[in-house]
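Q: Structure incoming, see below.
The values are calculated or read from the model by the stated rules, or taken from the named source; none is laboratory data. Note that this is a predicted model, so its numbers are computed, not measured. When we count neighbours, we look across all protein chains shown, and the Cβ atoms used for this are built from the backbone with ideal geometry, even at glycine.
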Amino acid sequence: MPDRFSTATRIRALGAQAQARVYRATGRGPSAPRRNRLTGRAALLALVVCALVVALAYPMRQYIAQRSAIADQRRQAQEARKRVDQLREQKARWQDPAYVRSQARERLNYVLPGETGYTVVTPGATAQNSADRHDASEAAGRRPWYANLWDGVDHADGSAPAHAASN
């Protein structure tokens with residue numbers, strides 16, 4: 001009787017038997033042939049997810065920007081409240097006659113009747129200011145009167161003189 005099975009068929013059968021023994025020994029069953037993982041449903045789901053991400057990107061960015069702006073406004077409001085509290089404190093201090101008196105003494109160099117006021121001047125600063133004024137007056141004395149007048153007009157809108165700005 002001719003051999004019904006060719007050698008290739010016998011080898012396939014032996015391989016299948018060996019594979020079945022391996023699966024029985026490991027406790028796993030034979031797996032079905034692999035299918036393509038990307039199905040039509042998966043592709044549609046991926047497309048829907050991408051569309052949602054694109055559709056929600058701009059509103060999310062706006063939401064985050066608005067939350068940041070709200071946080072900035074709250075911080076500025078808190079700073080304004082602190083400033084208002086400071087100004088209320090300062091107003092309350094100025095309502096006190098003793099504080100007003102001390103500020104007048106300190107800022108305006110006022111003295112009470114019967115007291116003697118003293119002003120301490122740094123010697124180097126006074127000598128420098130008087131020397132500058134002396135040089136300027138000598139230069140003005142050598143020029144004609146109309147040049148001095150014109151310089152006065154030119155400098156009237158300018159910044160304060162150097163000796164007045166340093167005081």
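Q: Please determine, by comparing only the residues of region 140-161 that are small (Gly, Ala, Ser) and surrounded by 11 or more Cβ atoms within 10 Å (Cβ to Cβ), which one is modelled with the highest pLDDT.
A: Filtering region 140-161 for residues that are small (Gly, Ala, Ser) and surrounded by 11 or more Cβ atoms within 10 Å (Cβ to Cβ), the one modelled with the highest pLDDT comes out as Ala147.
Q: If only one of Arg88, Arg107, Arg101 is at pLDDT 85 or above and surrounded by 11 or more Cβ atoms within 10 Å (Cβ to Cβ), which one is it?
A: Selected residue: Arg101, the only one of Arg88, Arg107, Arg101 that is at pLDDT 85 or above and surrounded by 11 or more Cβ atoms within 10 Å (Cβ to Cβ).
Q: Before we move on, is Tyr118 assigned to a loop (DSSP other than H, G, I, E, B) and out of contact with any strand residue (DSSP E or B) (no Cβ under 7 Å at 6 or more places or on another chain)?
A: Here the answer is yes, as Tyr118 does meet what is asked.
Q: Right, Pro113: within 36 Å of the chain's Cα centre (by Cα), exposed (fewer than 10 other Cβ atoms within 10 Å of the Cβ) and not polar (S, T, N, Q) or not?
A: No: the conditions fail for Pro113.
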